[in-house]
1. Among the numbered criteria (1) among the acidic types (Asp, Glu); (2) open to solvent by 60 Å² or more (accessible area, probe 1.4 Å); (3) touching a Gly at 6+ places or on another chain (Cβ under 8 Å), which one does Asp234 miss?
2. Please go through segment 137-179 and pick out each residue that is closer than 17 Å to Cys78 by Cα, assigned to a loop (DSSP other than H, G, I, E, B) and over 10 Å from the mean Cα position of the chain (by Cα).
3. Given the criteria in a loop (DSSP other than H, G, I, E, B), open to solvent by 50 Å² or more (accessible area, probe 1.4 Å) and over 22 Å from Thr150 (Cβ atoms), does Ser102 qualify?
4. Kindly provide the set of residues from segment 344-367 that are free of Cβ contacts under 8 Å to residues at least 60 places away in the same chain and of a type in the set (Ser, Thr, Tyr), ordered by number.
5. Any idea which of Ser280, Ser242 is more than 26 Å from the chain's Cα centre (by Cα), of a type in the set (Ser, Thr, Tyr) and not in a loop (DSSP other than H, G, I, E, B)?
6. Might you let me know whether segment 58-80 holds any residue that is under 24 Å from Glu429 (Cβ atoms), open to solvent by 40 Å² or more (accessible area, probe 1.4 Å) and at pLDDT below 95?
7. Sort through Lys469, Lys420 and tell me the only one that's touching a helix residue (DSSP H, G or I) at 6+ places or on another chain (Cβ under 9 Å) and surrounded by fewer than 19 Cβ atoms within 10 Å (Cβ to Cβ).
8. For residues that are more than 24 Å from Ile373 (Cβ to Cβ) and of a type in the set (A, V, I, L, M, F, W, C), scanning just segment 325-347, find the one that is most open to solvent (accessible area, probe 1.4 Å).
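The values are calculated or read from the model by the stated rules, or taken from the named source; none is laboratory data. No experiment lies behind these values; they were computed from the predicted model shown. Cβ: placed from backbone, ideal geometry, glycine included. Neighbour counts: every protein chain shown. Each accessible area value is taken on the protein alone, full model and side chains, heavy atoms only, with ligands, DNA and RNA left out. Shrake-Rupley method; radii C 1.70, N 1.55, O 1.52, S 1.80 Å.
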Amino acid sequence: MNDHANPLHQLRTLVDDAAMLTDPERIAPMLRDHRALYRGHALAVVAPADTAAVSRVLAFCNEHRIGVVPQGGNTSYCGGATPDASSSQVLLSLARLNRVRSIDAANHTMTAEAGCVLARLQAAAAEADRYLPLSLGSEGSCMLGGNLSTNAGGLNVIHYGMARELVLGLEVVLADGRVMDTLTGLRKDNTGYDIKSLFLGAEGTLGVITAACIKLYPSLKSRATAFIAVRDPDAAVSLLGSLRAASGDCVTSFELIPRIGIDLTTRHIPGVVDPLSATSQWYVLCELSSSRAQEPLDAMLQAALEQALSKGWVSDAAVAQADRERDAFWRLRESIPEAQRKDGYSLKHDISVPVSQVPRFIEVAGGWVAQHIPQGVLVSYGHLGDGNLHFNINQRPGAQVAQLQAVEQKVKRAIHDFVKEFDGSFSAEHGIGQLKVFELERYANPVELDLMKRIKRALDPNNIMNPGKVLRP
């Protein structure tokens, strides 16, 4: 082949020297997903330094029908940023697009590039006396572009919404290389279709998000955090409603934790301790926050807990008196996934149902697990405030990994069928990627699925954008 006809040679001419990544040790982690479910091979790994270079790469790949797999922090739970094994796709890293372009404190907005690590953006907002509410367990490594492309959820959805609700404008490179720039920071703009929303949650299948204008909020000046033993999930839902009303809807996080979550974390994670002396089967970690410095959130929380205690919803509680205690509560909650991994193999489900239906779902689906999966034990925890549960089944002590793997498809089908019955979602916050493509085909509304396919064909007729993710070719 003539060297000038070689795709790799031509790609090199489109980007700066640092963009072509060739070091095997650096590339290897980029070619497998976060959970090590998928491993791929790439024709090339390219890390452009700016939007113009991304545009040139996509235009070239579109012309030559080369698949492009966008990747940010590579924290996907569904293999959404991993190339296939064909060595025919370009892995497009956004890591070098890492500038905070501007912060408009008066407009409460930040414009930042896709490769900015979320924790860095939180810090930048704080330096401007503003608050970025998107908060995830992976915030030290996940990147803005991936957060928006997967419509990330996290810990503060109950009050601030999913990632898409924080977006005012996007800069997106389309499959053919054209750049759509809507980075205006406007909160009111009724000029036709809301095109930017198509790319939020599309997982890079329609284009590459290179920058975003996102909402900021006043800095938090008051906070109250408690770790609470509740009677059961029904009592937790009642407590949530009571707290929202009593605090003027200042509840920003409301996490449901089962007893096994505490047992796993205290067993496997150094430094994690049980916050309460008496045991319960269910707990809640809740946080109230306000931008008012003198907001009496602790008093509100204490009063609500006393009322909940009198009603039998709550049996015990620890209210954080200092940041050290608050951090300890949150470390326990955020360590549950790691503790599960250390404890053994697990079957994971990222589901959501209406908040009011969470207790009944746990009863019905949990009862099915107890009856039909003796080799596993249920670990159901998560964001009760928005109805999102990580409904996982861990390898029971004494059981073999192969025994749990053998029933994986059976379990997935049963759990997701229950979710359908409860008018819920089989993918609450982790997306579809390549892991759940067939689940989408099974459970999506047929008209909605057809529209998704039509949009995909319209924006990416050559199917170069993250092929095989979300939708099959």
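1. Answer for Asp234: the failing condition is (3).
2. Here is the first cut: in segment 137-179, the residues closer than 17 Å to Cys78 by Cα are 137-138, 141-143, 145-154.
So of that shortlist, the ones also assigned to a loop (DSSP other than H, G, I, E, B) come out as 137-138, 141-142, 150-154.
Once the filter is applied, which keeps residues that are closer than 17 Å to Cys78 by Cα, assigned to a loop (DSSP other than H, G, I, E, B) and over 10 Å from the mean Cα position of the chain (by Cα), segment 137-179 yields only Ser141.
3. Working: in a loop (DSSP other than H, G, I, E, B): no; open to solvent by 50 Å² or more (accessible area, probe 1.4 Å): yes; over 22 Å from Thr150 (Cβ atoms): yes.
The answer is no for Ser102.
4. Scanning segment 344-367 gives a single hit, Ser346.
5. Details: Ser280 fails: not in a loop (DSSP other than H, G, I, E, B).
Being more than 26 Å from the chain's Cα centre (by Cα), of a type in the set (Ser, Thr, Tyr) and not in a loop (DSSP other than H, G, I, E, B) holds for just one of Ser280, Ser242, which is Ser242.
6. Filtering segment 58-80 for residues under 24 Å from Glu429 (Cβ atoms) gives 69-80.
This time we only want the ones that are open to solvent by 40 Å² or more (accessible area, probe 1.4 Å), so: 77.
So of that shortlist, the ones also at pLDDT below 95 come out as 77.
Yes: segment 58-80 contains one or more residues that are under 24 Å from Glu429 (Cβ atoms), open to solvent by 40 Å² or more (accessible area, probe 1.4 Å) and at pLDDT below 95.
7. Working: Lys469 fails: surrounded by fewer than 19 Cβ atoms within 10 Å (Cβ to Cβ).
Only one candidate qualifies: Lys420.
8. Keep residues of segment 325-347 that are more than 24 Å from Ile373 (Cβ to Cβ), which gives 325-335.
Add one more test, that the residue is of a type in the set (A, V, I, L, M, F, W, C), and what stays is 328-330, 332.
Working: Ala328: 52, Phe329: 13, Trp330: 19, Leu332: 0 Å².
Here the answer is Ala328.
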